[in-house]
């Protein structure tokens, strides 16, 4: 079978130089077929490095002795990724981790563990940053850090090359939700979904996330509290029904009365009010419908832009309103286990001025 003809723009490439993606180069060692990453470099530099490598390969200067080959690791990064545990993660986190591991295996999986360099790691991360996926690059670096720590623990690697690579900082683009914006979206909510208005109010007065309120059952109301079980952390929170948000003039009990006042028999506080396709009247709502429904209502309210707030921002607004009101332990309300996490939700990201509090 005849060899596949070279692409014209690569006709001047030296042997063993490959460009699997535009501007990203690799070199294949003719002695053992192993692929080595050159990275995202100018074409001229890639050609120069490939020529040098070909000379070394031809002269056998890089050949290891039998003792060196027997003593060195033959496991690849792909082998190491396959050894990483995946138990104990929530569904959403597991999806992200698996996506990161696939990127690692696709980009670095062919490299032997003891040959992985910081340059290899940096090349993968820089390529992702160039494509505008900084957040995913951040996730990949974090997971690769764990992968290499595992490699060191197994004795497959002498050190962790990820540690010396540059940390990826992602600027938060999504702006915070203000009370005025919330009220504007709330006014349009009934035009989108029958249950969206109740969902927004329930999220605001309780400070809970989409997952919690979407699966909240009426049985969670126990005496004078409602029990919230956070799927992400497993934390349980007893929220007083008397908790009142002065900014909207409603208590938790008031909002729960609205949720139960639909006249529909359902085990869920938020439920389908009519049969729609496979979704039956009174059945549990889909978590994703809160995201898309809020987005549609927001657009109807004339609030647009790449940084427009999402449904999840109601959680931060709840904390900020209760903090301003005073007398509410918002760290406990939101189920935060650390002050650092609580501070993230308290940050208004510049939409509100810092207030000077004066004690009389």
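Computed from the coordinates by the stated procedures, all read-outs in this text should not be read as laboratory data. Just so you know, these numbers come straight off a predicted model, no measurement behind them. Ideal geometry is used to build each Cβ from the backbone, glycine not excepted, and the neighbour counts take in all protein chains shown.
What to note about this one:
- Degrees separating the helix 134-154 axis from the principal Cα axis of the chain, which is the longest one: 60
- For region 74-170: rounded, prolate or oblate by the Cα gyration tensor [a/c cutoff 1.5]: oblate
- Using a simple spin-label model with pseudo-atoms 7 Å out from Cα toward Cβ, residue 95 and residue 292 lie 1.3 nm apart.
- GNM top mover of 43, 76, 178 - the chain, alpha-carbon springs below 10 Å: 43
- Length released on extending from residue 164 to residue 280, taking residue separation times 0.36 nm less the Cα-Cα span: 36.3 nm
- Folded to 0 to 90 degrees: helix 196-206 orientation relative to the chain principal axis, Cα: 90
- Nitroxide proxy distance, nm - points 7 Å out along Cα→Cβ at residue 18 and residue 304: 4.6
- Segment residue 135-residue 325, length gained on full extension (0.36 nm per residue, minus Cα span): 65.0 nm
- Over 28 Å [Cα-Cα, the chain], rounded percent: 59
- Contact order, relative form, for the chain: 13 percent (alpha carbon pairs under 8 Å, 6 or more residues apart, mean separation divided by residue count).
- Protection proxy ranking of 48-55, 250-257, by the mean of other Cβ atoms within 10 Å over each peptide's residues and highest first, is 250-257, 48-55.
- Rounded if a/c under 1.5, otherwise prolate or oblate - region 218-342, Cα gyration tensor axes: oblate
- Theoretical gain in end-to-end length, residue 235 to residue 191 [0.36 nm per residue, Cα-Cα removed]: 12.4 nm
- Cα-based helix-to-principal-axis angle, 179-188 vs the chain, degrees rounded to 10: 80
- Packing rank of 204-210, 33-39, 190-196, where each peptide gets the mean count of other beta carbons within 10 Å, highest leading: 204-210, 190-196, 33-39
- Ranked by how many other beta carbons lie within 10 Å on average, peptides 322-333, 109-120 from highest: 109-120, 322-333
- When the Cα gyration tensor is reduced to axis lengths a ≥ b ≥ c, the ratio a/c is 1.5 or higher for region 252-293, and with a/b not above b/c it is classed as oblate.
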